[in-house]
1. Starting from residues that are assigned to a helix (DSSP H, G or I) and touching a residue at least 40 places away in the same chain (Cβ under 8 Å), keep the ones in region 270-293 and report whichever is nearest to the chain's Cα centre (by Cα).
2. Cβ-Cβ below 7 Å, separation at least six or inter-chain, first residue in region 157-182 and closer than 24 Å to LEU90 by Cα, second in a loop (DSSP other than H, G, I, E, B) and of a type in the set (D, E, K, R): which pairs?
3. Residue check, PRO205 against (1) under 20 Å from GLY124 (Cα atoms); (2) in contact (Cβ under 8 Å) with a residue 60 or more places away in the chain, all met but one. Which one?
4. Taking region 37-64 only, how many residues are open to solvent by less than 80 Å² (accessible area, probe 1.4 Å) and farther than 16 Å from PHE201 by Cβ?
5. So is PRO193 of a type outside the set (S, T, N, Q), more than 18 Å from the chain's Cα centre (by Cα) and either modelled with pLDDT under 95 or assigned to a loop (DSSP other than H, G, I, E, B) (or both) or not?
6. Can you confirm whether GLU78 is modelled with pLDDT of 95 or more, of a type in the set (Asp, Glu) and surrounded by fewer than 18 Cβ atoms within 10 Å (Cβ to Cβ)?
7. Starting from residues that are free of Cβ contacts under 8 Å to residues at least 40 places away in the same chain and basic (Lys, Arg), keep the ones in region 117-154 and report whichever is most open to solvent (accessible area, probe 1.4 Å).
Amino acid sequence: MNVVARLVLGFLWLLSWLPLALQAAVGRGLGKLLWVLAGSRRRIALRNLELTMPDKTPQERRAIARENFQWIARSILERGLLWYASPERLRRLIHVEGDIGFAERTPGAVMWLAPHFVALDVAGQSTQLFQNRQVGSIYQRQSIPVFDEAIRKGRLRFANGQVFSRHEKALPLIRAIRRGYAFFNLPDMDFGPQEAVFVPFMGVPAATLTAPSKMARSLAMTVQPVVAEILPGGQGYRVRYLEPWKDFPTDDPVADAARMNEWIASEVRRNPSQYYWVHKRFKTRPPGEPSLY
């Protein structure tokens, strides 16, 4: 398995040397193939869209899902660009909007709130390339050691931060934040009922972590939302650093979780084909409710 993994990484490295427009064409072609082959993920994406966008026709939802697979495939293949291209090339391709220097200028603790759009890794790299404050983030440990090492090296290649496994305790991350690290937080996946509440996400009760609110409150963190997107063809990427929230957190973590989901939903409606629809966002159900999948 490690041999296959090394071949895949070698392919990503070779692909990273191509102009981005060619990489994009390869990625979109792969996405069309995955739409045909990845039946279980296709069904999850269509079910998520059926639940969250009942006002759209089945044909409209299917078109969003097909486009989504092409953006996801691009994001996978273009990890090679993020991991291996020169900093100068990446700075030309990543177009930053808003106040990316906010965390660097702010003496207190800062949380970047970055939902699961397909260009999430681009947003992560932008924190390394365009500002100097140390960054801490959480990642999902991979079962294949070669891939795990590649992800860690790719995300830490500019020596401006540290990643913490989701399987570890939170204490090392909290210590890093107290030492001055900004926290790049991914808040919108279903990790089960523990430390979660059921609040609406696009009209559907979703298990939503209260940790962003509780952590921000306990560490006196300022929260700044960040959203990334892939631009068509060879145009690169856009990362938007939005205005920091002035009324978050409150003393009500449930209301904060609902507020967070409302904001994410507004961004999804703005760019529906680039949200990560292939994840079972509504896997955990309130007690007594049947599975939605």
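1. Checked region 270-293; the qualifying residue nearest to the chain's Cα centre (by Cα) is GLN274.
2. If the second residue must be in a loop (DSSP other than H, G, I, E, B) and of a type in the set (D, E, K, R), the pairs left are ALA182/ARG133.
3. (1)
4. 10
5. So PRO193 fits the description; yes.
6. No; evaluated as a whole, the condition is false for this residue.
7. ARG141
Rundown of residues vs (1) surrounded by fewer than 20 Cβ atoms within 10 Å (Cβ to Cβ); (2) small (Gly, Ala, Ser); (3) within 30 Å of PRO19 (Cα to Cα), yes/no style:
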{"site": "GLY234", "(1), (2), (3)": "yes, yes, yes"}
{"site": "ASP252", "(1), (2), (3)": "yes, no, no"}
{"site": "VAL268", "(1), (2), (3)": "no, no, yes"}
{"site": "TYR275", "(1), (2), (3)": "no, no, yes"}
{"site": "LYS280", "(1), (2), (3)": "yes, no, no"}
{"site": "LYS283", "(1), (2), (3)": "yes, no, no"}
{"site": "PRO286", "(1), (2), (3)": "yes, no, no"}
{"site": "GLU289", "(1), (2), (3)": "yes, no, no"}
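The values are calculated or read from the model by the stated rules, or taken from the named source; none is laboratory data. The shown structure was predicted, so the numbers you read here are calculated from the model rather than taken from an experiment. When we count neighbours, we look across all protein chains shown, and the Cβ atoms used for this are built from the backbone with ideal geometry, even at glycine. Side chains are part of the model used for accessible areas, which takes the heavy atoms of the whole protein and leaves out ligands, DNA and RNA. Shrake-Rupley method; radii C 1.70, N 1.55, O 1.52, S 1.80 Å.
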